[in-house]
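First the structure, in the form of C-alpha cells, and then the observations on it.
The values are calculated or read from the model by the stated rules, or taken from the named source; none is laboratory data. Just so it is clear, the structure is predicted and the values come from calculations on it, not from any experiment. FYI the Cβ positions are ideal-geometry reconstructions off the backbone, even for glycines, and counts take in every protein chain you see.
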Amino acid sequence: MEYLKKFIKDVPDFPKKGIIFRDITSLLEYPSAFREVVSRLAANWKGRADAIAALDARGFIFGSALALELGVPLILMRKKGKLPRKTVSVSYGLEYGTDVLEAHVESVRPGMRVLVVDDLLATGGTALSACSLIERLGAEVAGCAFVIELEGLPGRAALKDYQVDSLVKYKEKANE
C-alpha cells in the first residue's frame, strides 16, 4: 500500500516543532484512494467483526465507511461529555496529562466482536483505552485497524495483545 503515501501530505512542525504530521485529509480528496483504503480494510476484516468502534475524531471517517461496507453497526468512541445517553468511560494517559474516552453503554453488547478503527497508530494509548472499554462491556476486541502506522513509536507494542492491521507505514524516531 506504499502508493497511498502520495495521497498523504507531510506537514512539518505541526502541531509542534520537530513533529511531522501525516495529514489524511488530502487522501480524502481523492475518492479512488479513499475507496482503496476502505476496500482494503474491508477485505481484511470481512466476517471477523460484528461492529466497528471508531475513535474520535478522524477514526469516524474511516470507521463509518468501513461499517457501511461491512454492513455492521458503528460505535462511536468519543472524548468525555460528547455522547448524549448513558456512557461508560475509561481514563488514559497522554504525553502531558490524561484524557477520557466514552462509549454508549448499550452500543457494545456482550459477545460482540468489535474492530477498533482509527486513522493513525502512534503511541497506541487511545486505541488501547478503546480495547479496555470494549472488554469491560463484555465484548471481544476483534483487532485494531489503522490507515497509517508510525513504526518506531510504541503503538504496536502497546497493542501487543491484539491483532493490528495498518495499511501505510512510516519509519519514525521515538523522540518525534
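Structural remarks
- Test set (1) of a type in the set (Phe, Trp, Tyr); (2) under 28 Å from Ile134 (Cβ atoms); (3) at pLDDT below 95 - Tyr3 fails condition number: (2)
- Elements of type strands (runs of 3 or more DSSP E) contained in the stretch 12-105, each with 2 or more residues being surrounded by 18 or more Cβ atoms within 10 Å (Cβ to Cβ) and in contact with a helix residue (DSSP H, G or I) (Cβ under 8 Å, 6 or more places away or on another chain): 51-55, 74-79, 87-94, 97-104
- Against the numbered list (1) modelled with pLDDT under 95; (2) in contact with a strand residue (DSSP E or B) (Cβ under 7 Å, 6 or more places away or on another chain); (3) among the hydrophobic types (A, V, I, L, M, F, W, C), Leu120 comes up short only at (1).
- The combined condition, being within 19 Å of Ile134 (Cα to Cα) and either in contact with a Ser or Thr (Cβ under 7 Å, 6 or more places away or on another chain) or among the basic types (Lys, Arg) (or both), is not fulfilled by Val72.
- For the stretch 151-171, a residue qualifies if it is of a type outside the set (Lys, Arg), within 22 Å of Arg40 (Cβ to Cβ) and outside any strand (DSSP E or B), and the qualifying residues are Gly155, Leu159, Tyr162, Gln163.
- Evaluated against (1) touching a strand residue (DSSP E or B) at 6+ places or on another chain (Cβ under 8 Å); (2) more than 12 Å from Val168 (Cβ to Cβ); (3) of a type in the set (A, V, I, L, M), Leu41 falls short on exactly one condition, (2).
- Among all positions in the stretch 131-141, there is at least one residue which is of a type in the set (D, E, K, R), in a strand (DSSP E or B), over 20 Å from Leu94 (Cα atoms) and over 12 Å from the mean Cα position of the chain (by Cα).
- Residue count for the stretch 1-32, restricted to those that are within 17 Å of Glu149 (Cα to Cα) and touching a residue at least 24 places away in the same chain (Cβ under 8 Å): 11
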